[in-house]
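Have a look at the structure below before the remarks.
The values are calculated or read from the model by the stated rules, or taken from the named source; none is laboratory data. This one's a predicted model, so the numbers in the text were calculated from it and none came from an experiment. When we count neighbours, we look across all protein chains shown, and the Cβ atoms used for this are built from the backbone with ideal geometry, even at glycine.
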Amino acid sequence: MSAVAAATPRRATTDPLAVRVLLTGTALFFVALFIVLPLVTIFAGAFAKGAGVFWEAVRDPETLFSVRLTLLVTITVVAANLVFGLAAAWSITRFRFPGRRLLSSLIELPLSISPVVAGLVFILLLGDAGVWGRFLSAHGIKVIFALPGIILATLFVTLPYVARELIPLMEAGGSQEEEAALTLGARGWQIFRRVTLPNISWGLLYGVVLASARALGEFGAVSVVSGHVRGETTTVPLQVEILYNEYHFAAAFAVASLLSLLALFTVGIKKWLQCRAKGGLAGRGCTAGMAT
Amino acid sequence: MSIEVSGVRKNFGDSAVLLGIDLEVRSGELVALLGPSGCGKTTLLRIIAGLDTADAGLVRVSGADASALAASERRVGFVFQHYALFRRLTVFENVAFGLRVRPRRERHSRAAIRERVMELLRLVQLERFADRTPGQLSGGQQQRVALARALAIEPRILLLDEPFGSLDARVRRELRLWLRRLHDELHVTSVFVTHDQEEALEVADRVVLMNAGRIEQIGTPQEVWEHPRTPFVLDFLGSVNLFHGRVHHGRLSIGGMEIDVPEHAGTHAAAAVGYVRDHDLDVRRADGEDAGLATTVLQVRRLGPIVRLELRRLDTAETFEATLSAERFCRLELRPGETVFVRPRRVRVFVDGATNAAVACTQW
C-alpha cells in the first residue's frame, strides 16, 4: 500500500506549471490582501498604544455591556433558529404539500436582501408610525429601538443558516431509517431522538455555528432598528462604530479585535465540524480532509 | 398469523397504483409478490405494514382490522431493499432498537435484551460483528442485520421489500436459500416483494403475480409455471416467443406449420397467438414428417450449459430465440447463416378475445 502511495500517480488532467503557479498565486494574493492584512491591521491597531489602553477599552462598562447584549441576542437568535430550522427542514423534506418548493426558496431570501432594507421593513412595521407599531405602543410594548427589535432583525438575517444545512442532509438521508424505526414500534419523539437527531447532529451544529457567527457580527439591520441608544441597544459592532466615530481608534480596534477573535474561533469550530461530519463516527478523514 | 387483503385501492395523485387487490396469505406461509417495477407490489406491501394507507379496502391480520393500528403498533417486521439500518448505531444496537423503544412496563431487562440480541445475531450468523457499524459490513451482511432487527420485535408478520434487490447475483442466491431455510425454522407468515421470477419460484410457497395494479394469478410456483393463466404471466415467468396464427377446429396454423390444439376443438377460424418458451422449441437440421418453421440462424451465444440461438423466420422475417442444451447443440453443429427447422414441443394458445388458455404438447 505504502509503496503504491509513494509513487505519485500522474493525473490525466495535470495543467502546465505556469497555469498552476498563476492560479495559486492569484488566490494567495487575494487572501493576503483581503483577509490576512486586515486581520493583522486590527490586532496592530488594538495594541498600537500598548496593552494598557487595550485592557482599558475592553474593560470599559459600555463595551462590557455591548458584549453582554450581543451574547444575549446571539443565544436567543440561535435558539429560535434551531426550532425554525428543524421545523422547516422536517416539513420540506418529509411532507409533500402545495407551496413546498416556494417555501424552500423563500427560506434563502434573507441571504439576498440587504440587511439595511430588512431593518427598515421592521421599522415600518413595528415603529411608532407603523401598522402594528401603533398597537404595540398603545399596549406599552417597545420593539423598535429596543432589545426585541435587535433580536428580530438579527433573527431575520440569520434565519436561513440552520435550515439550509439540514435540508440537503435530510433530503439525502431519506426517510427509510425513520420508517424502519416506526415499524419497530418507536413513537414520534423516540424516532426523532434516536434516529433523526444523531444523523443530522453535525449538520445542525454546523448551522448553529454559522448562525452564531452571523448573529455576533450583524451590523446593518441591527444598526437601523437599534437607534444607537448608548448602554441600551449598542451591540459590539455598533460599539466599534461609536468608538471609531469618536476618534477612539485604539479602543475601536481593541473591541474589533474581540469580534475578530470570535470569528477566528468560529472558523476553527466550523472546520472541525466539517471534518467530523465527513468522518462519521470515528472522526476519521479529518486529517485527510485538511490535507486536500 | 394470516393476512387478508380485500378490495385495496390506492392512487398517487392522478395515477392509480392499486386497482382493487384481494389476497389471502395463510398463517406460516412464505408468499412472493412478483411483478415488473411499477406494478404496485411495493405499495401493497407498505399498505400491509401501515407505512402507506389505502384509499379503499381492508387489511386484516389474523382476522382483526389492521387499519385501526398505526405502523408502530402493528408488530410487523419490515425489511427494506436498501437495508435502512441506523447508520450511527452498532449492529448490536440496531437489533436491540425495537426492544429498547418499548414502553417501560413491557420492556425487558438489559440482560434479557442482550441475550435476545445475541441469540438473533447467532441466528443470522453475525455474532462476531456485534460492535461494528453498518458501514463496515457487506451488503449481504447488512441485510441479515436488517432481518435480525425485524425479527427482534417478534413480529406477527414479516414483510420484505426486494430484500435481495441490491445484492450481487451470487450473494443473492445464497441469501434467498438461507431465507427459505430460516422461514422453515421460524414459520413467521412472510410476504416478500421481488421482480426476479427465479427468486419467487425458488423460494416462495405461493407466488402472486401482479401487473399494472392488479393481481394476474396466484398459485404455487409449479402452478403458475405450468398453467399460466394470462399471456402476461407466461411472458413474465420466462422468455417466451410469440407466434401469430389461426385456430380452426383444434388445429393451430403458424406459417406452414400445423399443431394440434385439442382444447380449441370448438373454435372456428379465429386469430390466435401461440406462446412458446424458448427452451420448448425443437431445432432440427432437416424437416421431419410434421412440417416445422424454416429459419435462418442469425447468432449463436454460448452461456455455459445452454446455448441460445437467435433465429429468423424465412416466411415473415420475424426473429425469435431458442435455447438448446450444449450437448444437443454440439450434435447439431450449427453455424450462423444455416437454415434449420423449428417446431414447438409445447405451445400455449390464447385465442384473440378469449382469456382462457389451453396448452398443447406435441411430440415430434
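Selection within region B:54-66: residues that are surrounded by fewer than 18 Cβ atoms within 10 Å (Cβ to Cβ) and farther than 17 Å from B:V25 by Cα. The member of this set that is farthest from the other protein chains (Cβ to nearest Cβ) is B:A56. Scan region A:256-274 and give yes if some residue there is at pLDDT below 90, buried (at least 16 other Cβ atoms within 10 Å of the Cβ) and over 18 Å from the mean Cα position of the chain (by Cα), otherwise no. No, region A:256-274 has no match at all. Just a yes or no: is a residue in region B:76-87 more than 8 Å from chain A (Cβ to nearest Cβ), closer than 17 Å to A:A181 by Cα and not in a strand (DSSP E or B)? So far as region B:76-87 goes, yes, one or more of its residues are more than 8 Å from chain A (Cβ to nearest Cβ), closer than 17 Å to A:A181 by Cα and not in a strand (DSSP E or B).
Among the residues of region A:114-154, the ones that are at pLDDT 90 or above and in a loop (DSSP other than H, G, I, E, B) come to 1 in all. Candidates in region A:225-255 are the residues that are in contact (Cβ under 8 Å) with a residue 12 or more places away in the chain and aromatic (F, W, Y); of these, the one that is surrounded by the fewest Cβ atoms within 10 Å (Cβ to Cβ) is A:F249. Out of all the residues in region A:108-122, is one or more assigned by TED's automatic domain parsing to the domain that holds A:I150, touching a Gly at 6+ places or on another chain (Cβ under 9 Å) and of a type in the set (S, T, N, Q)? Among the residues of region A:108-122, at least one is assigned by TED's automatic domain parsing to the domain that holds A:I150, touching a Gly at 6+ places or on another chain (Cβ under 9 Å) and of a type in the set (S, T, N, Q), which makes the answer yes. One residue is enough: does region B:114-124 have a residue meeting the conditions away from chain A (no Cβ under 11 Å), over 18 Å from B:L175 (Cα atoms) and of a type in the set (K, R)? The answer is yes, given that some residue of region B:114-124 is away from chain A (no Cβ under 11 Å), over 18 Å from B:L175 (Cα atoms) and of a type in the set (K, R).
Have a look at A:E171, A:E165 and point out the one that is more than 14 Å from chain B (Cβ to nearest Cβ), within 22 Å of A:F84 (Cβ to Cβ) and at pLDDT below 90. Break it down into steps so the answer makes sense when it comes.
Values: A:E165 fails: at pLDDT below 90.
Answer to the check: A:E171.
Hey, does region A:127-134 have a residue that's surrounded by fewer than 17 Cβ atoms within 10 Å (Cβ to Cβ) and either within 14 Å of another protein chain (Cβ to nearest Cβ) or within 30 Å of B:Q81 (Cβ to Cβ) (or both)? Taking every residue of region A:127-134 in turn, none turns out to be surrounded by fewer than 17 Cβ atoms within 10 Å (Cβ to Cβ) and either within 14 Å of another protein chain (Cβ to nearest Cβ) or within 30 Å of B:Q81 (Cβ to Cβ) (or both).
For region B:26-34, state whether one or more residues are at positive phi, more than 18 Å from the chain's Cα centre (by Cα) and assigned to a loop (DSSP other than H, G, I, E, B). Yes, some residue in region B:26-34 is at positive phi, more than 18 Å from the chain's Cα centre (by Cα) and assigned to a loop (DSSP other than H, G, I, E, B). Considered as a group, the residues in region B:183-196 that are farther than 9 Å from B:A32 by Cβ and either surrounded by 20 or more Cβ atoms within 10 Å (Cβ to Cβ) or among the hydroxyl-bearing types (S, T, Y) (or both) include one that is farthest from the chain's Cα centre (by Cα), and that residue is B:V188. The residues of region A:182-198 that are in contact with a Lys or Arg (Cβ under 9 Å, 6 or more places away or on another chain) and within 17 Å of B:T133 (Cα to Cα), listed by number, are A:R194, A:V195, A:P198.
Scanning region B:202-232 for residues being acidic (D, E) and surrounded by fewer than 16 Cβ atoms within 10 Å (Cβ to Cβ) gives a total of 3. Only a single item in (1) surrounded by 12 or more Cβ atoms within 10 Å (Cβ to Cβ); (2) over 14 Å from A:L258 (Cα atoms) is not met by A:V21, and it is number (1).
Taking the numbered list (1) within 20 Å of the chain's Cα centre (by Cα); (2) within 20 Å of B:A322 (Cβ to Cβ) in turn, B:I254 passes all entries but (1).
Residues that are in contact with a Leu (Cβ under 9 Å, 6 or more places away or on another chain), facing chain A (nearest Cβ under 10 Å) and surrounded by fewer than 18 Cβ atoms within 10 Å (Cβ to Cβ) occur at least once in region B:128-148. Does A:F219 satisfy the criteria of being assigned by TED's automatic domain parsing to the domain that holds A:L125, hydrophobic (A, V, I, L, M, F, W, C), at pLDDT 90 or above and within 27 Å of A:V36 (Cβ to Cβ)? Yes. Checking each residue in region B:88-98 for being touching a residue at least 24 places away in the same chain (Cβ under 8 Å) and more than 7 Å from chain A (Cβ to nearest Cβ) picks out B:L89, B:T90, B:V91, B:F92, B:N94, B:V95, B:A96.
Among the residues of region A:71-86, not a single one is modelled with pLDDT under 90 and either loosely packed, with under 12 Cβ neighbours inside 10 Å or not in a helix (DSSP H, G or I) (or both).
So for region A:74-83 (the condition being assigned by TED's automatic domain parsing to the domain that holds A:W202, over 15 Å from the mean Cα position of the chain (by Cα), of a type outside the set (S, T, Y) and closer than 23 Å to A:L216 by Cβ), does at least one residue qualify? Yes. Annotation note: of A:G203, A:G174, the sole residue that is closer than 30 Å to B:L158 by Cβ, of a type outside the set (D, E) and surrounded by fewer than 24 Cβ atoms within 10 Å (Cβ to Cβ) is A:G174.
Looking across region B:216-228, the residues that are part of a strand (DSSP E or B) and farther than 18 Å from B:S190 by Cα come down to B:E216, B:Q217.
Of the set (1) crowded, with 16+ Cβ neighbours inside 10 Å; (2) within 14 Å of another protein chain (Cβ to nearest Cβ); (3) part of a helix (DSSP H, G or I), all apply to B:E199 but (2). Note on region B:93-135: residues that are aliphatic (A, V, I, L, M) and either out of contact with any helix residue (DSSP H, G or I) (no Cβ under 9 Å at 6 or more places or on another chain) or outside the structural domain of B:Y83 (by TED's automatic domain parsing) (or both) total 1. Exactly one residue out of B:L159, B:L167, B:L209, B:L177 is among the hydrophobic types (A, V, I, L, M, F, W, C), assigned by TED's automatic domain parsing to the domain that holds B:P36 and part of a loop (DSSP other than H, G, I, E, B): that is B:L167.
Condition first: within 22 Å of the chain's Cα centre (by Cα), aliphatic (A, V, I, L, M), at pLDDT 90 or above and under 11 Å from B:Y83 (Cβ atoms). Can you find one or more residues in region B:127-148 that meet it? Scanning region B:127-148, I find at least one residue that is within 22 Å of the chain's Cα centre (by Cα), aliphatic (A, V, I, L, M), at pLDDT 90 or above and under 11 Å from B:Y83 (Cβ atoms), so the answer is yes.
Filtering region A:179-219 to residues that are under 21 Å from A:A79 (Cβ atoms), within 12 Å of chain B (Cβ to nearest Cβ) and β-branched (V, I, T) leaves A:T196, A:I200.
When we screen B:L30, B:L34, B:L45 for residues that are within 13 Å of another protein chain (Cβ to nearest Cβ) and touching a residue at least 24 places away in the same chain (Cβ under 8 Å), the only hit is B:L45.
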